[in-house]
Amino acid sequence: MTIRLRAHHLLCLLSYAGKGYSPAFVANFDAIAARLDAGEDILLTEGPDDICAPLLRDPSPHCTRASVHTRDQRAAHDIGLFLGQPVTAGSRIIPTAALLRRMRSGFAGGQTRAACRGCEWSDLCTSLADDGFSLARISGAER
């Protein structure tokens, strides 16, 4: 199977450590983390994705706001520049351990963090990056 992710969630998965908006959100993200570590690939999408799924039941989910779309655009731009390849809807990414290490390096170094400005989780993600991502739940499949 394939996991559908919006661009800024490529950054979120780097430091995901089991925290989230609700127990349902955490359970869903934990399941996605396990799928990524089992070797599933990623299909980039526009708008709400598999991580957003539990939040879409809310009457006005933040996943559909223009500010989140802007966050996706910033993430796609920065990640694309850092990796030297386009990051657009329809792109497929294989989240290998080597790719995650490389992306975490860019994240920790600040090269891919423009999308994180104003995010309520930014301080937590920064502390996880400063700690070498030791608590991150996604390690990446060795392929």
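The values are calculated or read from the model by the stated rules, or taken from the named source; none is laboratory data. For clarity, every value in this text was computed on a predicted model and none was experimentally measured. Reconstructed Cβ throughout: ideal geometry from the backbone, glycine too, with neighbour counts over all protein chains shown.
Test Ile42 against the criterion of being surrounded by 19 or more Cβ atoms within 10 Å (Cβ to Cβ), among the hydrophobic types (A, V, I, L, M, F, W, C) and under 18 Å from Ile138 (Cα atoms), and give yes or no. Judged against the criteria, Ile42 is a match.
Filtered by the rule that a residue be in a loop (DSSP other than H, G, I, E, B), more than 14 Å from the chain's Cα centre (by Cα) and under 18 Å from Arg4 (Cβ atoms), segment 14-31 gives no residues. Close Cβ contacts (under 7 Å, 6 or more residues apart or on different chains) running from residues in segment 5-34 that are within 16 Å of His62 (Cβ to Cβ) to residues that are aromatic (Phe, Trp, Tyr) and part of a loop (DSSP other than H, G, I, E, B) comprise Phe29/Tyr16.
None of Thr64, Thr2, Thr45 is under 23 Å from Ala89 (Cβ atoms), among the β-branched types (Val, Ile, Thr) and modelled with pLDDT under 95 except Thr64.
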